Structures are given as C-alpha cells and as structure tokens.
Amino acid sequence: MTHPSENLLRALPKIDECLLLLEGHTPPGAPRQLILKAIRTAIEQERRVILSGGSSSAVSSEEWQERFLSRLAEMTAPRLRRVFNASGVVIHTNLGRSVLSSAACNMLHLAGGYYSNLEFDLHTGQRGSRYDLVEDILCDLTGAESAIIVNNNAAAVLIALDTLAGGREVIVSRGQLVEIGGSFRIPDIMARSGARLVEVGATNRTHLFDYEDAVTPETSLLLRVHTSNFRVIGFTSEVSVEEMVSLGAKHDVLTMEDLGSGSLVDFSRYGLPREPTVQEIVKAGVDVVTFSGDKLLGGPQAGIIVGRRKIIDRIKKNPLNRALRIDKFTLAALESVLREYYDIEQALQKIPTLRMLTQSPQQVEERCVRLLSLLDTALQRDFSIKSVFSRVGGGAMPEHSIDSRALYYNGEVTIQSLETGLRKMAVPIIGRVENGHFVLDMRTVQEREIPELAQELNQFLSSTDGEIRG
Ligand SMILES: *Cc1c(COP(=O)(O)O)cnc(C)c1O
C-alpha cells in the first residue's frame, strides 16, 4: 500500500513541464537562471509541505504558475529599497542613517554615470590625489591643518591608533571604554591596532591626576572617546579636552579625540543639547580628531580625520589607508555636503539630517495635516495628530527627545497587521508603536514623500478595513 504522500510527491511537476507552463508568462528579459531557481524553490517548498503531512491534494497548474511567477517577481525585484521612515529616529542606522541633499544626489549620479577627475589633476594633466577634492574644504570648516577620509569612523579610529600608538600605550578613561552598535568596542579596536590599552579612573569619575599618574615613557597617546549612545549620570567627572591637551604638551604625548557623531553646527542654538563642535575640539589643540560622515554631519558613510599636518601625513602614509580608502561616490557626496556648510543657514535647509533635526513642531505638524488631508475621507477619522518625541539616533544625544508631531492610528486594524502590512507595501512604511498605538512620526518624512505615503495608506487601509468590517 502506498502512503498518500508518495502519490503527491510523484505528482510534483518536472522542471521541463514547469518551463512550458511559464512560456509567454515570464516578464521579458527575466534571466533563465532565476526562472529555474524560482521553479526549484517553489517545488522544494511544496515537497517539504507534503513530507510534513501538510498537503492533501495536488497543486493545480494555474496555482503552480502563480507560485513560480510570484517567486520570480521576488527574485528579480531590487533588494535595497527605498522606505518611508516614519519612526521619528532621524539618524537611523538600520534605515541608512543620513538622507543626502539633492545636490549630493546629483553628484552621485555624475560620479557613477561618467568618468571623472577622481585622481587626475586637471591643471597639470598629472596624476592627482582623490583626497585633494575635499581636504581644503574640511580644513576651512574645521580649522584643522590637514584632513584625510576613510571608509567610516570605526576605520578612522583604527588607522589613527595603528599609526600613532605604534604598539605602545594609549591612556583612556574607564568611563569611555564604550561599545558603539554591533561590534565596535574601543578596547577591541585598540587591540587590533596593536596599541596597549591603559584604563584609568573609575566608570563614573576620572580625574586629570589619573591620566598623569599613568603616563610613562611607554605612553604614546592620550585618548578621549565620545560616549555616544551611553550616559553616565549623577556623580560623574571626565577630564576636559583642554586638560588633556595641556597634559599631552607637558609630557610630550599626542592627544586624540573620537567625537563619534561630530558636528560642525552648534545645535544648542536650535533647541538641541550642547555638544562640542569639531571646530572647538580642533581649536582646543587636540592632535587628531575623528568623526563620522553620516551621523550629525548628514553626509555619506565616511570616517573623517582632521588634525595637525605632521600627524595626518603619517596617517596618510599608513598602508592601511589603501585598504580603508573611500570610493568616488563617497567623495562626490561628501564634497557636495561639506560645501553647504560654508553657509550654516543654507546647510540647515538643504541637508536633510540637519533640516529634520531643527524643524519646529509646527513645521512637522503641517506635514501631519497635509498627510491627513490626502487620506480618504472615511479613513481620516481613524487618525489624530498628537504631540510626540522624536529621537536624534545614531548614538548621538541619546537622552534627548525632540518635541514633535505624529499621526496616531485609532482605527480597527491591529498594530500587528499594520506593522507587517505596511512593511510589505511597494515602498515599505516603517512607523513605531507608542502607548498601544501605531504612530507615523512625520519629523522624518520629507514633504515630497507625502503624496505617495498617503496613496499607500489609502490603498492598504481601505482594503484591510473593508476586510475587518466585512
Ligand atoms: C558611531 C561611532 C563610531 C563608529 O562610527 P561609524 O562611522 O559608524 O563607523 C565610533 N566612535 C564613536 C564615538 C561613535 O559614536
């Protein structure tokens, strides 16, 4: 006696039959390799269902065709996709951190679609250096003597330590031995660079004498690290930049500051917490300063190192530099974004990260009103505009909440269906959940995104609502 599942397994179609079934139905130009993969994975999945006893009848040809085509559509669709960030987290690492200005996007287009003078000096006709395209701009903006850019700030810290510590001792406060997202830990990076970590002070308090007591002839560097996504509060104390610089000068030891987010704008003028700017740290006399390109700066992923010419020259000559080098896209976008900073008011308007961080709650509310007005009349009563708090994100200003506005959903669709359903839209919508409500925080949604966002919400909610109200 044959088991019913054996008949079902035997009834699974052969590849050739499937190809025949799809003839004239696959999108023009669909790669044969992917068509075959779509067929195999769909059949394989059905085989598993049969083996687990989950199938009682054979799949029809129409059903197979549908399954193959939907697999194929998934396989041929771009994987990296645009999304709506309605989470209210401005520098959202999982959603790509900073959105670039339109000028920067234009430059990316040119750099990608055409040849460029990336390493070609148009004055002399000789070979040029890619870093020359932005170095003087960075020096203008930060007041530093020299600059170099690498792949990201983690790489910046690595190459700086590798160059400057030379296997000798680096003194860091215990309160600054932080882990920044995923696997970037200061002690680990230090170990990789061959530097020997000398921890001083206590988790909450480190004094100048702690550093001073630790200085030996083996000391190569005094390092301060921005604690970014972490705050020690209460009875705390850290050594100031000025103290570190004067101690370094006294003992003829180099100084370095990893600023993390690193901003060129004093955000306290726009209602955000006071953070030292890159210019201020440079002015204090630190030898090397590192910061990210795509956090508070609002540019592409990059690690920017600025400081004294003598020191930066050494970093430029480090063979690691070749391995950590930035590409033409980074340079194209970075040059464009940096240029905006010559006029801070312009920068606040044109660089999306800065614009989103500094907009007033009223400006955000206007976008809520606009979105609401574009929703189907029947859906409008399911939403209300509420005061909420947005976040800076990217490990910057972790405790700070930005007064903002959002649309709260009060309708009958569950949070779970909203979250998963909206994530599956053509342009996925990422909101957040707050006080038992699904929330669309409009601080991180740009004006020009609103019509399409409204259209998707109408599409999703009118169909889902219909099902529920049945
Ligand atoms: C974010 C951060 C880094 C890592 O920067 P990436 O650009 O993400 O590599 C390093 N140090 C500090 C203090 C940071 O905040």
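Bear in mind these aren't lab numbers, they're just calculated from the coordinates by the rules spelled out. These numbers were taken from a predicted model, which means no experiment stands behind them. Glycine gets a Cβ as well: all are built from the backbone with ideal geometry, and neighbour counts include every protein chain shown.
In segment 255-287, whose amide N lies under 19 Å from the spot 7 Å out along Cα-to-Cβ of ASP343? List them in ranges.
From segment 255-287, the list is 264-266.
Can you run phi through the Karplus equation (6.51, -1.76, 1.60; θ = phi - 60°) for segment 189-201 and list ³J(HN,Hα) in whole Hz, with x for Gly and Pro?
Once θ is set to phi - 60°, the couplings for segment 189-201 become 4, 4, 4, 4, 7, x, 6, 9, 7, 10, 7, 10, x Hz.
Could you calculate the contour length gain from ASP188 to THR414, that is, 0.36 nm times the residue separation minus the distance between their Cα atoms, to one decimal place in nm?
On the way: separation 226, 0.36 × 226 = 81.36 nm, distance 4.36 nm.
This chain segment gains 77.0 nm when fully extended.
Farthest toward the dipole's positive end in the chain, which of ALA333, LEU357, PHE291, given Cβ charges of +1 (Lys, Arg) and -1 (Asp, Glu) about the Cα centre?
ALA333
Rounded to the nearest Å, what's the spacing between the alpha carbon centres of segment 194-237 and segment 295-335? Just the number, please.
26
Take LEU208 and ARG423, extend 7 Å from each Cα along the Cα→Cβ direction, and tell me the distance between the two endpoints in nm.
5.2
Quick one: helix 450-469 against the long Cα principal axis of the chain, what's the angle to the nearest 10°, folded into 0 to 90?
It is inclined by approximately 40 degrees.
Full extension from VAL49 to HIS400: what is 0.36 nm times the residue separation minus their Cα-Cα distance, to one decimal in nm?
121.4 nm
Around ARG432, which amide H atoms from residues at least 5 apart in sequence, or from another chain, sit under 5 Å from its own amide H, with H modelled in the peptide plane?
The answer is VAL439, ASP441.
What is the gain in length, in nm to one decimal, between GLN455 and GLU434 on full extension, counting 0.36 nm per residue of separation less the C-alpha to C-alpha distance? Walk me through the numbers before you get to the answer.
Values: separation 21, 0.36 × 21 = 7.56 nm, distance 2.36 nm.
Gain on extension, GLN455 to GLU434, equals 5.2 nm.
Mind jotting down the distance between the C-alpha centroids of segment 349-427 and segment 73-138, whole Å?
Rounded to whole Å, the Cα centres lie 27 Å apart.
What do you get for the angle between helix 132-142 and the principal long axis of the chain? Use alpha-carbon atoms, 0 to 90 degrees, nearest ten.
Relative to the chain, helix 132-142 is tipped by roughly 70 degrees.
Based only on Cα atoms, what mean projected area does the convex hull of segment 4-76 have, in nm²? The partial results should precede the final answer.
On the way: hull surface 18.2 nm².
In nm², the orientation-averaged hull projection of segment 4-76 is 4.6.
Hull surface divided by four, with the convex hull built on the Cα atoms of segment 105-221: how many nm²? Don't skip to the end; give the middle numbers.
Working: hull surface 44.3 nm².
Over all viewing directions, segment 105-221 projects a mean Cα-hull area of 11.1 nm².
By how many degrees, 0 to 90 and rounded to 10, does the Cα axis of helix 328-340 deviate from the longest principal axis of the chain?
The answer is roughly 60 degrees.
Within the set of other residues whose C-beta is less than 12 Å from the C-beta of GLU218, count the net charge using Lys and Arg as +1 and Asp and Glu as -1. Each step should come with its number before you reach the end.
Working: positive: ARG168, ARG196; negative: GLU169.
Net charge in that neighbourhood comes out at +1.
If you filter segment 1-57 for GluC sites (Glu not before Pro), then keep DSSP loop positions with at most 11 other Cβ within 10 Å, what is left?
Working: sites: GLU6, GLU17, GLU23, GLU44, GLU46; in loops: GLU23.
Here the GluC sites (Glu not before Pro) that fit, given the DSSP loop and packing criteria, are GLU23.
If a paramagnetic tag sat 7 Å from the Cα of SER60 along the Cα-Cβ line, which residues of segment 21-41 would have the backbone N under 17 Å from that point?
Residues 21-22 fall inside that zone.
Over segment 102-343, how many pairs of lysines fall under 27 Å by alpha carbon, counting only those 8 or more apart in sequence or from different chains?
Lysine pairs, 8 or more places apart or on different chains, close enough: 13.
Any idea what log10 I(q)/I(0) is at q = 0.14 Å⁻¹ for the chain, Debye with uniform C-alpha scatterers and no solvent?
-1.25
Stokes-Einstein diffusion coefficient for segment 1-140 at 25 °C in a medium of 0.890 mPa s, Rh from the Kirkwood formula over Cα pairs: what value in µm²/s? Let's see the in-between values first.
Details: Rh = 20.6 Å.
For these conditions, the coefficient is 119 µm²/s.
Using per-residue counts of other Cβ atoms within 10 Å, averaged over each peptide, order 209-220, 387-398 from highest down. Present the calculation step by step, with values, prior to reporting the outcome.
Numbers: 209-220: 15.4, 387-398: 21.5.
With the highest mean Cβ count within 10 Å placed first, the list reads 387-398, 209-220.
Please go through segment 377-449 and write out the GluC sites (Glu not before Pro) that DSSP classes as loop and that have at most 12 other C-beta atoms within 10 Å.
GLU399, GLU412
Report the local net charge at ARG231: Lys and Arg +1, Asp and Glu -1, summed over other residues whose C-beta lies under 12 Å from its C-beta. Mind showing how you got there, number by number?
Numbers: positive: none; negative: GLU238, GLU399.
Net of charged neighbours comes to -2.
Output the relative contact order of segment 135-218, whole-number percent, from Cα pairs under 8 angstrom with separation of 6+ residues. Don't skip to the end; give the middle numbers.
Working: 99 pairs, mean separation 23.3, N = 84.
Dividing the mean separation by the residue count of segment 135-218 yields 28 percent.
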